[in-house]
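Student: Provided herewith is a single structure, encoded as structure tokens, for subsequent inquiry.
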Amino acid sequence: MKTTAMNKIKNNTLVAVLGFGLLTSMFTSCEVNEQLCEKEIDGEHAHRSGVQFNYVWDKMPAAVSVLPVNTYIIADRVINTMTTSFMYNVVAESGHYLGDLPKGMAEEDNHDITTFQLPSGEYKFLTMSFNRTFEEKLDPSRIVTEDYVITPNPLKMDPSQLNLRLGQFKAEHRTYTYDELKDYYVDSPFGEFDGSVDNNPYTSASDDASEEEKEAKRAKFIRNITEPLVIDSTTIRRIGTDEVTEIEFNPTTVTQNIDLYFDLKKKQTSSFQFFVSDVWCVLSGIPRSMNIGTGAVDITQTDKLIFRTKLVDPTKVPDANSEELKPQGWPSERIEDNIGRYDNQAEDIVRCYANLNIPGIVENSDYTDANKYAGPGVLQIIVKVWVYEKNVNENKWGWRSRTIMGRVNLHKNIERAQLLELYNEKHNVEYWRKAQDYKSVPLAIDATLTQSLITGADESPRVANWEEEQHIEQEY
């Protein structure tokens with residue numbers, strides 16, 4: 001992906017004109033059509049029908065190993081409009097109503113429902129990931145989950161299309177401060193950096209923007225999400241009286257599933273031995289929002305993704321099924337007993353792997369020496385190592401932990417991986433979107449752990465600037 005092409009984004013937005021009011025005013029009675037009926041008899045709707053839901057996952061990439069358990073479903077009646085929403089558990093094949101309950105249903109009965117009741121009519125159904133269960137009533141125009149806020153975003157709509165469409169919605173990552181993430185990831189080494197782990201506090205605003213604009217567009221932190229964001233919608237379905245209709249969903253992923261991995265090289269000597277126990281990363285350049293119908297991502301506002309890597313077999317190409325290799329027991333006090341003992345790494349290399357579900361990665365648009373480690377596309381690698389060394393205060397040798405950080409700009413790696421593509425749609429609308437659902441991305445970087453980097457005169461965390469390897473030989 002060429003960054004200069006990003007400037008070609010055009011702000012072409014089609015505005016939908018929904019003529020529901022005029023249309024529904026023409027029909028007021030069950031006598032005209034039962035699907036338009038609002039009348040109830042003895043607390044029950046005169047024409048109520050049942051629907052059941054079924055999910056088929058054959059459109060998902062094979063590399064996606066974790067599928068959503070909970071989903072959000074919207075049933076949108078397109079004439080005499082009304083919207084009903086549900087939370088559904090695809091494993092239990094049951095769920096509950098979100099919002100108003102059918103007449104006659106008690107609150108205590110709103111659970112483990114397999115057949116949902118709807119007034120008869122013509123419906124369009126939409127579904128998406130939903131990883132939070134709500135007890136309170138829910139506004140379908142603002143779907144808040146643990147990871148996303150999903151709101152209307154009419155990037156492209158056909159004014160003649162009166163029913164709800166996925167293209168109306170955008171999903172935006174929920175963002176966090178550094179302190180919030182540090183409290184969330186209690187096992188991470190972030191606390192040892194006391195906030196300085198954020199060595200890339202960039203803003204997406206232009207250089208001539210006001211301080212308020214720069215602060216508003218300053219990159220924030222986002223969590224790594226194990227599940228993809230999935231969506232699907234149906235054609236208009238007739239829900240008839242006294243029938244049970246099965247609605248089948250075939251979800252596809254909005255996010256891009258990426259197997260990301262890189263190697264840390266270990267430079268050891270006979271007198272300086274160490275092993276790596278934990279590796280965390282902060283990757284900048286993750287688009288904050290995306291249209292869930294078109295897949296369009298906003299490359300003008302990016303954030304920083306925090307994730308922990310798995311240490312895996314350095315001789316194999318890793319994937320989501322790769323085993324995480326860990327040290328076998330605690331090291332002996334005798335250094336000669338520990339060489340070659342640790343299964344999580346070879347003597348001179350550590351392979352770090354993570355599976356990501358993200359909109360894509362944007363690289364630095366101004367790749368110069370002055371800002372080589374600032375802006376999108378910069379990877380910060382936080383490494384916890386254990387070193388056999390002498391404690392000068394106790395005058396005793398033993399194993400001590402050290403935390404170090406390396407930074408590398410992934411400009412060439414991202415460009416070669418081609419994760420995003422510039423898409424030209426009808427009406428001359430251009431936007432960036434993921435180039436494919438799944439990608440395996442090996443990062444060619446020269447990241448070497450040396451004695452001078454790991455140890456120092458003071459106890460402060462060490463920071464190194466690493467380079468991309470010039471000879472990228474991997475086939476993407």
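Student: About the Cα centre of the stretch 211-299, what is the dipole size in debye to 20, counting +1 per Lys and Arg Cβ and -1 per Asp and Glu Cβ, all else neutral?
Tutor: 660 debye
Student: Can you list residues whose amide H is under 5 Å from ASP437's amide H, if they're 5+ apart or on another chain and H is modeled 1.01 Å from N?
Tutor: none
Student: Can you list residues whose amide H is under 5 Å from THR448's amide H, if they're 5+ apart or on another chain and H is modeled 1.01 Å from N?
Tutor: For THR448, whose amide H was placed from the backbone, the distant partners under 5 Å are LYS265.
Student: Next question. Listed here are the pairs LYS182/LYS266; LYS316/LYS439; LYS326/LYS439; LYS316/LYS412; LYS59/LYS439; LYS372/LYS412; which of them are more than 21 Å apart at the Cα?
Tutor: LYS182/LYS266; LYS326/LYS439; LYS316/LYS412
Student: Output the peptides 207-220, 304-317, 279-292, 67-80 sorted from most to least packed, where packing is the average of other Cβ atoms within 10 Å over each peptide's residues.
Tutor: Packing proxy ranking, top to bottom: 279-292, 67-80, 304-317, 207-220.
Student: Using per-residue counts of other Cβ atoms within 10 Å, averaged over each peptide, order 227-235, 390-398 from highest down.
Tutor: Descending packing order for the listed peptides: 227-235, 390-398.
Student: For the stretch 73-80, in order, what is each residue's ³J(HN,Hα) by Karplus, 6.51 cos²θ - 1.76 cosθ + 1.60 with θ = phi - 60°, in whole Hz (x at glycine and Pro)?
Tutor: Those phi angles translate into 10, 10, 9, 10, 7, 8, 10, 6 Hz.
Student: A follow-up question, please. Would you mind putting 171-181, 56-66, 354-364, 100-110 in packing order, based on average other-beta-carbon counts within 10 Å, highest first?
Tutor: 354-364, 171-181, 56-66, 100-110
Values in this text are rule-based calculations from the coordinates and carry no lab data. Treat the numbers as computed from the prediction; the structure is a model and nothing was measured. Here the Cβ is made from the backbone with ideal geometry for all residues, glycine too, and neighbour counts use every protein chain on show.
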